[in-house]
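S.K.: What follows is a structure written as structure tokens; I'll ask about it next.
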Amino acid sequence: MPAGATLQVGSGIAGTATTSVTALGASTAVTLSGGSLMLAAGNGVGNGLTGQYYAVPPIAGNTDFNNVAAVNNLFNALTPTLTANTTTGSRTNLDFSNAGFGAAAAFTNQGFTNTLNYQVRLAGKINITTPGVYTFSTTSDDGSVLFIDGTQVVANNAYQGATQRTGTITLTSGMHDIGIGFYQGNGGAGLLVQYALPGGALQTIPNSVLAPVAGLGYGNNLSVTASSTLASTGNLAAMGTLGVTAGTTRHPDRPDGQRRRLQQLGRRHVHRHHPLRRHGHRQRRHF
């Protein structure tokens, strides 16, 4: 990224450094060489859910998916193989139905290529603009569950071919917690998550109404090769590994406008937890 360039990342992405702009949200590393990288968190709506993928086989009968406490206990004890927002790979909605629930890897475009014996957690917020009774649905092979504000709405917990189950809940306008659990044993695989607005028909939930756990999350590794500014306008944003060239200075700006100066002297990799948090560490999250 050329010196002096500024990127703004929020509901849309705009900036003067085309290469770096298109890299955000993909697996490409971003280089900051004297400019400013602004991660505008806000409420994160439009950035999908936080997806965590675990190369851990589900247990027989999978009682780990019986209720929200069991699901949280399961995943909080594990370290994900991969963490990626559901917008990864230009995904626009929660359709991971895998070409008719086939035998291929259902989450390949998220970067997770396992085909057998794994589990998935999708978590974050859903923005409700119309109050009323909502219908939620999962179609899955094998099992899945869906929670809103900690209440189980869909129980689709079985080793099975593609099966759809639904549930209803009354919601007020505003942001609500949403959590989806999925597991795959053997054979075909896939997950499709839908909802129906009050009086409407089922539609696949779009990423445009969803926000990840941390507000914003980008899997890109960031390389700083010259003194630069790194900032977040919200309480928390996340990127991948940060590499800093010896002798450079970075300024991680806090959301309240206060600047923290950190001089890097001979250290190749520096990780700072506020306001930026690395992906890849186990984090305790709840539906």
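The values are calculated or read from the model by the stated rules, or taken from the named source; none is laboratory data. All values reported here derive from a predicted model rather than from experimental measurement. Note that we place each Cβ from the backbone using ideal geometry, even for glycine, and neighbour counts take in every protein chain shown.
S.K.: Which members of region 135-153 meet the condition of being part of a strand (DSSP E or B), under 17 Å from Pro58 (Cβ atoms) and of a type outside the set (Gly, Ala, Ser)?
M.R.: Thr138, Asp141, Val145, Leu146
S.K.: OK, next. Just the residues that are surrounded by 14 or more Cβ atoms within 10 Å (Cβ to Cβ), in a helix (DSSP H, G or I) and of a type outside the set (Gly, Ala, Ser), please, taken from region 73-96.
M.R.: Of everything in region 73-96, those that are surrounded by 14 or more Cβ atoms within 10 Å (Cβ to Cβ), in a helix (DSSP H, G or I) and of a type outside the set (Gly, Ala, Ser) turn out to be Leu74, Phe75, Thr88.
S.K.: I need every pair where a residue in region 127-148 that is more than 27 Å from Gly100 (Cα to Cα) and in the same structural domain as His176 (by TED's automatic domain parsing) has its Cβ under 7 Å from the Cβ of a residue that is in a loop (DSSP other than H, G, I, E, B) and not polar (S, T, N, Q), sequence separation at least 6 or different chains.
M.R.: Asn127/Val45; Thr130/Leu197; Thr130/Pro198; Gly132/Pro198; Val133/Pro198
S.K.: Scanning for something among the acidic types (Asp, Glu) and modelled with pLDDT of 95 or more, does region 87-96 turn up at least one residue?
M.R.: There is at least one residue in region 87-96 that is among the acidic types (Asp, Glu) and modelled with pLDDT of 95 or more.
S.K.: In region 153-162, is there at least one residue being on the phi > 0 side of the Ramachandran plot and either in the same structural domain as Ala69 (by TED's automatic domain parsing) or in contact (Cβ under 8 Å) with a residue 60 or more places away in the chain (or both)?
M.R.: No: region 153-162 contains no residue that is on the phi > 0 side of the Ramachandran plot and either in the same structural domain as Ala69 (by TED's automatic domain parsing) or in contact (Cβ under 8 Å) with a residue 60 or more places away in the chain (or both).
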